[in-house]
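What follows is a single structure, written as structure tokens, with notes after it.
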Amino acid sequence: QDNGAATLLADRVILTGQNQLIAEGNIEVYYGASKLTAQRVVYDAATESLRIEGPIRLEEGEGAGTLLIADQAELSRDLQNGLLTGARLVMARELQLAAARIERQEGRITTLTQVVASSCEICVTDPTPLWEIRARRVIHDADTRQLMFEGAQFRAMGVPLLYLPHLRMPDPTVERMSGLLQPRFRTTSLLGPGIKLPYFLTLGESADLTLTPYLSTGKTATLDARYRRAFDWGALELNGALTRDSIREGETRGYFFGDLNAVLPGDYRLGVDLRLVSDPSYLLNYDISDEDRLWSGIELERIRDAELIWARLGNTHSIREGESNSTSPMLGGTAQWVQVLRPAALGGELVLDWQVNAAARASTLSTDGLDDDLVPDGRDMLRASMVADWRRNWLLSGGILATAQAELAVDLIQTRSDPAYDDTTLRALPSFGVELRWPWVQTTGRAAHVIEPVAQLIWSRDTLKDAPNEDSLLTEFDEGNLFSFSRFPGGDARERGLRANLGLSWTRHDAAGWSLGVTAGRVIHAEDLGQFPTGSGLSGTRSNWLLATHLNTANGLTLSNRALFDDSFNFTRDELRLAYAGERLSIETGYLWMESNLAEGRPLDTSELMFDTSWRWAEGWSGSFGTRYDLTDNRASRAKLGLQYANECVTVDLSLSRRFTSSSSVKPETDFGVSVELAGFGGNSGARNATRRVCGR
Amino acid sequence: QQVAFGGIRADTSQPVEVTADSLAVNQETGVATFSGNVLIGQGSMRLQAATVLVEYGQGDQSKINRLLASGGVTLVSEAEAAEAREAVYDVVKGTVVLTGDVLLTQGSNVMAGQKLSVDLRSGTGQMDGRVRTILQPGGN
Amino acid sequence: CGFTPAYGPQGGGATLLGGVAPDSPQTHDDFALVRRLSERLGPAQAPRYRLAYEIATDELGQAITPDDATTRYSLRGSARYRLHDTVTNAVLLTGEVRSFTSYSATGTPVATQAAEEDAHRRLMRILADQIVTRLLAQAGSLPQ
């Protein structure tokens, strides 16, 4: 018996003289956060109980609390205990439980008898909801926030499908509770129709375990487990599975992924990753991940305004077709310390970049074996470098911004098992550069225009002591490195010789309307030192033309294209991306063209079309379709189709995806998934464009 | 036994005494007007008001028919007290009708409304006009 | 035709040189963005403006071979920026810039890892350059 006062409002109150008070007309009773409205209330002061005549509406807790609607009720003064008849309990404005009787004890236990529970809108004109659970009795405990159904019968569109003597479900306010999660059905061409039954287990406040048995008609028996643990200094997540299936008879298959993230004192961040898998096709067969190179290792970093400390050490296990884990450098490590200084005398900024890079191969052979590279199978390499980079700007008259740049790169390289190179090589490469920028701006009209010509001249020696090149084999040429001192991604190779980087960019920016950015550029080398492979667009003395365009309009269209082509307009590379994000329709399509480039390990031209679209049409229905089409082989490589219906009480997800692989270890596979999620039990994701059923007039 | 919301009860057979600072009698209408701290007493019931008009029975000056109190009225019986702007005490019928911001308090129970009509004999009563009641716990 | 040198007297861009202090970097990408902003606008001496930024990147696998190897990744990035007055902290200019870079995954893991890190650095240089261009375009509206 709480001791707060209850307030009663009514049109008329009759004092009967026998310790009773009869209130009539638009009754409102307030007690704490509960509010009751009714037509007639008899309050007996002796028993402190309210006999209430409907229509009764009792709202508890602000916002998404519970709502009780009843014809009649007998409640305690604090509205916490008592009996309601012909009642409907609505929880978190989502789950409705209609019952002949609802009884409440100590404001905590609510017992409903002859119950129909559903989160679907029930219309008078068509009373059978999309789904409902009928039960002899339902007990709701406000503390544990659980609903216990006794003698439960699950019906879909009025048709009884399932009978469960006991059923325990979380109420809609529950974010986190142990129990069965909603099952998923998955059919794949290799494993046949199967079902996943996830069970979620909370282990104290900051840890949980999800066990998901996955069974399919005699094809697979898999137990998948995910363990998550939160610490105040970081978080740990372990994922793994054990499988016996028909794809690899008689073998125990599985995978184990471990991820630890920690914040150490002195705001260092530590990441530890572990990736193990039993065989190459497991991750694809069970749709775990697309990764085909599994990196396990440790990463440490601390980032400040003028300093970056970063270290990464680990081993890669490749499950890619035809890639050897012994004759390719799988064990790799990098340590880097970047200091940004402002030398008082020189002015400008001096950046010192200290690095140690190691790449090792498991094999110890110093001769090249059968693998498809021309590198001794067992070559290992360690490179310690210091790159000092100084820059200073001057604003010249007329608005020209001049920049002087100087760089000195010193490398100490240790090589093993490669007779072509000395064991130890020390080399240094000085470079000097001048850059002139002369941006013009026009802001008179609706839009602002900026035209910026840029010219940069860089000198460095034509020659540099030769060393093995492990990290600078995949070169790119775009606006990001048009004006860089070295267009090689790593430090094993450094750009040499006298060269001029020329660029012109024009930008139209209109915040309300459309904006366009066009950048053109070219690199001219004094001499062709054969530094860059042919397919990279940087070979020869005159590089390919670089033309990049970015357009975005106010109504959600974005187009970006980057092309590398020579004087006679044949394209070395072209990447097009077109995306439209509309109200009901979103499209993303892209085209990729890359000329073959053996040095990069790309024997054939790449010509791939990518198309993804999703659209919402009728009430609550939405669809999605995506494909990858390989134009060189003239075949689709991937396709997926999705259909979703979501209304206020159910979300049905259908997904169909197909991988058209054609290789010995990775067979083509079709994956069809169905998932039905009932709203109203446990806090659902809610991030869906659900429609709400409207009762016909 | 303390009766919550027992309504206001009084013994209507008791004589009615009226005291006031001054009394004015209007010869033609025969209406008497008490004014200034008027106090009407009957048994355990007290009714105070700024001014009270007395209506006598038809042609019988000794019998009081009705008392019309105004200018802020307070009605007190053993356990209840009621305040209002005006009140009409019909002595013959034994009823009191208080109107205008009526406030009825019984122990810690408070009830507010626009019109309270009380039957002094049966102790029943009815409050009208968006009544607001505080239900205190513990049976006071 | 209405054009004037951005860093010239009527351009308004000169106040940006040495005048913009980007917020402290938290991630690798932030560090690369701040480095390029400092290269383009010069290290901030007595900064009149503070530049706040939020970077978001996501990766898309491309060039999928018959044996299901993803041989190309496209790294898409966007950066929302707000130029604040250092004294009053009032927001003077806001905007969002977007671009993408790509890297191949055909080489060895060491080469692919280096290519990925370089793609991030290049993307941050492009986003920083776009922010500087937008600031130059709107510099005229800054209080002198």
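The values are calculated or read from the model by the stated rules, or taken from the named source; none is laboratory data. Bear in mind that the values here come from a model prediction, so they are computed numbers and not experimental data. Here the Cβ positions follow ideal geometry from the backbone for every residue, glycine too, while neighbour counts run over all protein chains shown. All accessible areas refer to the heavy atoms of the entire protein, side chains included, with ligands and DNA or RNA removed. Shrake-Rupley method; radii C 1.70, N 1.55, O 1.52, S 1.80 Å.
Yes or no, residue by residue, for (1) within 30 Å of A:LEU284 (Cα to Cα); (2) out of contact with any Lys or Arg (no Cβ under 7 Å at 6 or more places or on another chain):
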{"site": "C:SER78", "(1), (2)": "no, no"}
{"site": "C:ALA105", "(1), (2)": "yes, no"}
{"site": "C:VAL132", "(1), (2)": "no, no"}
{"site": "C:ALA137", "(1), (2)": "no, yes"}
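Can you tell me which residue is farthest from A:VAL674 (Cα to Cα) among those in region A:625-659 that are polar (S, T, N, Q) and crowded, with 16+ Cβ neighbours inside 10 Å?
Within region A:625-659, the subset polar (S, T, N, Q) is A:627, A:632, A:634, A:637, A:644, A:647, A:651, A:655, A:657.
Filter once more, so that each one left must be crowded, with 16+ Cβ neighbours inside 10 Å: A:627, A:637, A:644, A:647, A:651, A:655, A:657.
Details: A:THR627: 20, A:SER637: 23, A:GLN644: 10, A:ASN647: 16, A:THR651: 11, A:SER655: 7, A:SER657: 12 Å.
Within region A:625-659, the match that is farthest from A:VAL674 (Cα to Cα) is A:SER637.
Pairing residues of region B:83-102 that are open to solvent by 40 Å² or more (accessible area, probe 1.4 Å) with residues that are hydroxyl-bearing (Ser, Thr, Tyr), at Cβ distances under 6 Å and at least 6 apart in sequence or on separate chains, gives B:GLU83/B:THR74; B:GLU86/B:SER70; B:GLU86/B:THR99; B:VAL97/B:SER117.
Name the strands (runs of 3 or more DSSP E) wholly within region B:13-64 that hold at least 2 residues that are within 23 Å of B:VAL97 (Cβ to Cβ)?
Numbers: elements: B:17-19, B:22-26, B:31-42, B:45-57.
Correct list: B:17-19, B:31-42, B:45-57.
Restricting attention to region A:443-453, the residues being aliphatic (A, V, I, L, M) and surrounded by 21 or more Cβ atoms within 10 Å (Cβ to Cβ) number 2.
Comparison of C:SER38, C:SER24 shows that the only residue that is crowded, with 21+ Cβ neighbours inside 10 Å and either without any contact (Cβ under 8 Å) to a residue 12 or more places away in the chain or within 8 Å of chain A (Cβ to nearest Cβ) (or both) is C:SER38. In region A:154-181, the residues that are closer than 20 Å to A:LEU197 by Cα reach residues that are β-branched (Val, Ile, Thr) with C-beta atoms within less than 6 angstrom, at least six apart or across chains, in these pairs: A:PHE154/A:ILE133; A:ARG176/A:THR202; A:SER178/A:THR202. Being among the polar types (S, T, N, Q) and surrounded by 15 or more Cβ atoms within 10 Å (Cβ to Cβ) is the filter; apply it to region B:36-48 and report the residue that is modelled with the highest pLDDT. Within region B:36-48, the match that is modelled with the highest pLDDT is B:GLN48.
Would you be able to tell me the number of residues in region A:353-374 that are under 38 Å from the mean Cα position of the chain (by Cα) and part of a loop (DSSP other than H, G, I, E, B)?
Looking only at that region, the number is 6.
For the subset of region A:554-571 comprising residues that are open to solvent by less than 40 Å² (accessible area, probe 1.4 Å) and within 13 Å of chain C (Cβ to nearest Cβ), which member is farthest from the chain's Cα centre (by Cα)? Top of the filtered list is A:LEU564. Which condition breaks for A:GLU321 when tested against (1) open to solvent by less than 70 Å² (accessible area, probe 1.4 Å); (2) within 7 Å of another protein chain (Cβ to nearest Cβ)? Going through (1) open to solvent by less than 70 Å² (accessible area, probe 1.4 Å); (2) within 7 Å of another protein chain (Cβ to nearest Cβ) one by one, A:GLU321 breaks only (1).
Going through region A:608-633 one residue at a time, which ones are more than 9 Å from every other protein chain (Cβ to nearest Cβ) and closer than 18 Å to C:THR106 by Cα? Of everything in region A:608-633, just one residue is more than 9 Å from every other protein chain (Cβ to nearest Cβ) and closer than 18 Å to C:THR106 by Cα, namely A:THR632.
Within the set C:LEU92, C:LEU123, C:LEU135, the sole residue that is more than 7 Å from every other protein chain (Cβ to nearest Cβ), of a type outside the set (Ser, Thr, Tyr) and open to solvent by less than 10 Å² (accessible area, probe 1.4 Å) turns out to be C:LEU135. Which of the following residues is more than 21 Å from A:MET381 (Cβ to Cβ), more than 27 Å from the chain's Cα centre (by Cα), at the interface with chain C (Cβ under 8 Å from one of its Cβ atoms) and open to solvent by 30 Å² or more (accessible area, probe 1.4 Å): A:ARG304, A:ARG342? Unique residue meeting the criteria: A:ARG342.
Please verify whether A:GLU205 is within 23 Å of the chain's Cα centre (by Cα) and charged (D, E, K, R), treating the condition exactly as stated. It is false that A:GLU205 is within 23 Å of the chain's Cα centre (by Cα) and charged (D, E, K, R). Residues that are outside any strand (DSSP E or B), surrounded by fewer than 14 Cβ atoms within 10 Å (Cβ to Cβ) and at pLDDT 90 or above within region A:177-204 comprise A:LEU203, A:GLY204, listed in sequence order.
Count, please, the residues in region B:118-133 that happen to be surrounded by fewer than 17 Cβ atoms within 10 Å (Cβ to Cβ) and more than 9 Å from every other protein chain (Cβ to nearest Cβ). Qualifying residue count for the region: 1.
I need a count of the residues in region A:94-120 that are open to solvent by 40 Å² or more (accessible area, probe 1.4 Å), under 42 Å from the mean Cα position of the chain (by Cα) and farther than 15 Å from A:GLU132 by Cα. Explain how you work it out, then say what you get.
So the first thing to find is which residues in region A:94-120 are open to solvent by 40 Å² or more (accessible area, probe 1.4 Å), and the list is A:94, A:100-101, A:103, A:105-106, A:108, A:114.
Keeping just the survivors that are under 42 Å from the mean Cα position of the chain (by Cα) gives A:94, A:108.
Now narrow it down to the ones that are farther than 15 Å from A:GLU132 by Cα: A:108.
Selection size over region A:94-120: 1.
The one condition from (1) open to solvent by less than 20 Å² (accessible area, probe 1.4 Å); (2) under 30 Å from A:GLU588 (Cβ atoms) that C:PRO66 does not meet is (1). Within the bounds of region C:72-81, is there any residue that is open to solvent by 30 Å² or more (accessible area, probe 1.4 Å), away from every other protein chain (no Cβ under 13 Å) and at pLDDT 95 or above? So far as region C:72-81 goes, yes, one or more of its residues are open to solvent by 30 Å² or more (accessible area, probe 1.4 Å), away from every other protein chain (no Cβ under 13 Å) and at pLDDT 95 or above.
Would you confirm whether any residue within region A:519-528 is crowded, with 16+ Cβ neighbours inside 10 Å and more than 15 Å from A:LEU482 (Cβ to Cβ)? There is no residue in region A:519-528 that is crowded, with 16+ Cβ neighbours inside 10 Å and more than 15 Å from A:LEU482 (Cβ to Cβ). Scanning region A:362-383 for residues that are touching a Leu at 6+ places or on another chain (Cβ under 8 Å) and crowded, with 17+ Cβ neighbours inside 10 Å gives A:PRO376, A:ASP377, A:GLY378, A:ARG383. Is it the case, given these coordinates, that A:SER484 is open to solvent by less than 20 Å² (accessible area, probe 1.4 Å), at the interface with chain C (Cβ under 10 Å from one of its Cβ atoms), closer than 25 Å to C:ALA137 by Cβ and without any contact (Cβ under 8 Å) to a residue 12 or more places away in the chain? When the stated conditions are applied, A:SER484 passes them.
Do you know which of the residues in region C:54-63 that are of a type in the set (A, V, I, L, M, F, W, C) and either under 16 Å from the mean Cα position of the chain (by Cα) or facing chain A (nearest Cβ under 7 Å) (or both) is surrounded by the fewest Cβ atoms within 10 Å (Cβ to Cβ)? Even if it seems obvious, please write down each step before you answer.
Just the residues of region C:54-63 that are of a type in the set (A, V, I, L, M, F, W, C), to begin with: C:55-56, C:60, C:63.
Filter once more, keeping what is either under 16 Å from the mean Cα position of the chain (by Cα) or facing chain A (nearest Cβ under 7 Å) (or both): C:55-56, C:63.
Details: C:ILE55: 19, C:ALA56: 12, C:ALA63: 25.
So the residue we want is C:ALA56.
Of all residues in region A:117-151, which are free of Cβ contacts under 8 Å to residues at least 60 places away in the same chain, more than 18 Å from A:GLU677 (Cβ to Cβ) and of a type in the set (A, V, I, L, M)? Hits for region A:117-151 are A:ILE122, A:ALA135, A:VAL138, A:ILE139, A:ALA142, A:MET148. Being open to solvent by 20 Å² or more (accessible area, probe 1.4 Å), in contact with a Pro (Cβ under 6 Å, 6 or more places away or on another chain) and within 14 Å of another protein chain (Cβ to nearest Cβ): is that true of A:LEU504 here? It is true that A:LEU504 is open to solvent by 20 Å² or more (accessible area, probe 1.4 Å), in contact with a Pro (Cβ under 6 Å, 6 or more places away or on another chain) and within 14 Å of another protein chain (Cβ to nearest Cβ). Annotation for region B:49-60: no member residue is open to solvent by 10 Å² or more (accessible area, probe 1.4 Å) and within 13 Å of chain A (Cβ to nearest Cβ). Within region A:465-472, identify whether any single residue is open to solvent by less than 20 Å² (accessible area, probe 1.4 Å), more than 9 Å from every other protein chain (Cβ to nearest Cβ), in contact (Cβ under 8 Å) with a residue 24 or more places away in the chain and in contact with a Leu (Cβ under 8 Å, 6 or more places away or on another chain), and answer yes or no. No, region A:465-472 has no match at all.
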